[in-house]
1. Under 30 Å Cα-Cα from LYS161, which lysines qualify once same-chain neighbours fewer than 8 residues away are excluded?
2. Going highest first, how would you order 236-242, 274-280, 333-339, 398-404 by mean Cβ packing within 10 Å?
3. Describe numerically, in nm with one decimal, the distance between label points set 7 Å from Cα along Cα→Cβ at ILE76 and at LYS45.
4. Test of understanding: express the Cα radius of gyration of region 223-296 as a ratio to 2.2 N^0.38 Å, with N the residue count.
5. Tabulate in residue order the Karplus-calculated ³J(HN,Hα) for region 652-665, using 6.51 cos²θ - 1.76 cosθ + 1.60 with θ = phi - 60°, rounded to whole Hz; enter x for Gly and Pro.
6. Would you mind estimating how fast the chain diffuses translationally, via Stokes-Einstein at 10 °C and 1.306 mPa s with the Kirkwood radius over Cα pairs, in µm²/s?
7. Could you pull out every residue, at least 5 positions away or on a different chain, whose amide H is within less than 5 Å of the one on ASP172? Hs are placed 1.01 Å off N in the peptide plane, and Pro or chain starts have none.
8. Per residue, what volume in Å³ does the convex hull of the Cα atoms of region 578-688 enclose?
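Coordinate-derived values only; no laboratory data. From a predicted model like this one, the values you see are computed outputs, not experimental measurements. So basically every Cβ, Gly included, is an ideal-geometry build from the backbone, and we count neighbours across all protein chains shown.
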Amino acid sequence: MKKVGFLLFALCFLTIAGCKATEEPSRLTQKAAEEAAMHNPKISKWMNQHHPRNGTTYLVTGQNNQNSEDLYTKSITSNDHHWKITYTSKTEISPNKMEVTVNSTTGEIESIQEEERMIVQFKQQVNEEAIHDVNGEIINTVETITVLTAYIPVDKIEEIKQNPEISTIEKDARIRATSQVVDWGNEKIRTPIAWQASFTGKGQKIAILDSGVSTSHEDLKITDGVAFVPYTTSYDDDNGHGTHVAGIIGAANNTKGTVGVAPDASLYAVKVLDNNGEGYVSDIIAGIDWAVQNDIDIINLSIGSDTPSNMLKDVLDMAYSKGILIVASAGNTGYEPYHSTVGYPAAYDSVIAVGAIDQSNKWADFSSVGPTVEVTSPGVDILSTYLNNSTKRLTGTSMAAPFVSGLLALLKEQYPELSAADLRSILQKNVIDLGDAGRDPYYGYGLVQYSERIKDIQRVSGKNRFELAVNISKAGWQESSHTVVLTNYISFADALASSPLAFKENAPILLTHKDFLTSETKEEIQRLKPQKVIVIGGPGSISESVIDSVSSLGIATVERIGGKDRFEVAYHIAQRMGATNTAIIANGLNFPDALAIAPYAARNGYIFILTTKDSIPNNIKRILQEKGIQHTIVVGGEGSVSEAVVSRLPQPIRINGKDRFEVAGNIIENLQITPEILYFATGYSFADAMTGSVLAAKENGAMLLTSPTNLPLSIQQTVKATNLTKYKILGGTGSISENVYMQLMFEL
């Protein structure tokens, strides 16, 4: 029995020992698997790239205290044999995603799959199988422009590019908010005037593509929304940026907090940025597609990226073609020499790029600069709604863009029949031009303004009278001109008398020195490629050397209309005119009164007769007879042309006034002129009015005169009486100041 017992014990021991010998080896813990992954050189290098460098982090807005884990996300799954650890970058460091498979028994790295987040556009329709075939992971699709976003293995990207169904494939760039932490804005763009007229944005649907909007803020009423970030389906704001933007656009006028530009607009929160104020281009594309599908009127994009995207451009172009106005912040990169700093999407043609100014109407030095800046608006120290039912002051072009979005809502409510392109044109024209005349890379067209009446005010300027004449020529003769009229830059009587001839010849009037052809004028003649140049005045006004210079440009015909004095020059010009029974009579020695009648005379083909105050030169008497003049219009009072002279003229009418400004207004009234545009020139320097007279005649315009700093009362009355809203200012701010511009824009 003892022996049997021993055998049984031994058998049991062996059995137990055998069971222990075949038991599963111990499983690797999650921590051990992570450590194994982190010790791999490829993973280690990738993670080191995601540590903060020099006190800053990659593409994180407004934050300087984030640790390395904030720059990527990590997810871990397991099965019986493997741990799978996925690292996803929050930056643009390649590759975007690292998927590591760790053997759960040995701790060995079995595979590392590197993936890039890509946007793929198909030619006909989205084919998800094409992505699955290369082991890609689809994130989202946008059927409108046949686009999908997916993580694609790096070693499969070239393969998928060869797929004949695919037209474009590009990296999905990171995009971020463009504000910096740091209400006066509404006053600056004159929105209270719109409110007084009961325009508050009613019925206008504005989509705010941002970090979401606080749904509990008492100043904000959100109509609807959607989220495209991966970690939530809520469009509630967890960053603050989107809430601030929303308040600038449409905070309620409820006596609390702040009030937005369009307080009755319908706000739609489209969450495309995460709690760090960051997101992907593909999410922006999805958000724009959502806006199109939901009949949004205006899209606000206070976001930016340095990376262009063809597919983002396509969806923006599509939205704009459907009548949606798109507004984006220009960016906060400031000025850099030799290139534009405007980010995307603001740099695209279908988008209104908005720069920022401060309380003094000065360009904010952080505001991006470039030729695509369209307008500017307030962007410094802006008070608006924020998280936790609070308000906060922020600075950035992110704050400037929503002022424009809100203003467009007011305009769209006021003018519901106008297209997106029309409203955009109104936005460009109703501005305070703060930089160089016209559009410039700092201010665009200028600081946006609300105006009760839509004004179209353009300024043609130049650094001197030669350049102004050239720019007038470029405005009226964009391609070429068969004929050019050339006058001395201080022989105003010659220019005055020649304006009807220039109009008859459809020729611009250019200026020159007596003894040499200025470089500006020479270059413009070369641009126009005329067959003929008519030189006005004798050798005492324009020398033979100037004529030689003109001839050397390859001009077929250079002819002079001269005379021993200005009266004879006017006589010879009149001889060149066609048949007419009316003449304009002006003092050839003191002719400011006659400046304003030049476009009228030119358009009607009337000749100019120059006299002295008390006598009519003999050759002038001859032209009256030769032309069979039956009617004369005398410009100016007895101080210019005496009654003794007037009494000898055929059927004279006199247009007078207490000064040259009033005379200009009386010309329109007495002659019952019905212009389509009003031209404004300084009444103290005659060159601007003279060279601009032919262009004014071409555009059926009337010429009015002003002092440099203030619009005379008589001219204000004339402007109101015409009821016109289209104006053209001749000369820079030294000739006609911004104050006059402001009077025309807002006081008449």
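1. The reachable lysines, counting only those whose Cα sits under 30 Å from LYS161, are LYS42, LYS45, LYS74, LYS84, LYS90, LYS97, LYS123, LYS171, LYS313.
2. Working: 236-242: 25.3, 274-280: 22.1, 333-339: 10.6, 398-404: 31.4.
Averaged packing, sorted descending, gives the order 398-404, 236-242, 274-280, 333-339.
3. Label-label distance for ILE76 and LYS45, simple model: 2.5 nm.
4. On the way: Rg = 12.9 Å, N = 74, 2.2 N^0.38 = 11.3 Å.
Taking the Cα Rg and dividing by 2.2 N^0.38 Å, one obtains 1.15.
5. Per residue, the Karplus-derived 3J(HN,Hα) values read x, 10, 10, 10, 10, x, 6, 7, 4, 5, 5, 4, 4, x Hz.
6. Numbers: Rh = 30.6 Å.
Stokes-Einstein gives a translational diffusion coefficient of 52 µm²/s.
7. ARG117, MET118, ILE119
8. Working: hull volume 11.6 nm³, N = 111.
Roughly 104 Å³ of hull volume per residue.
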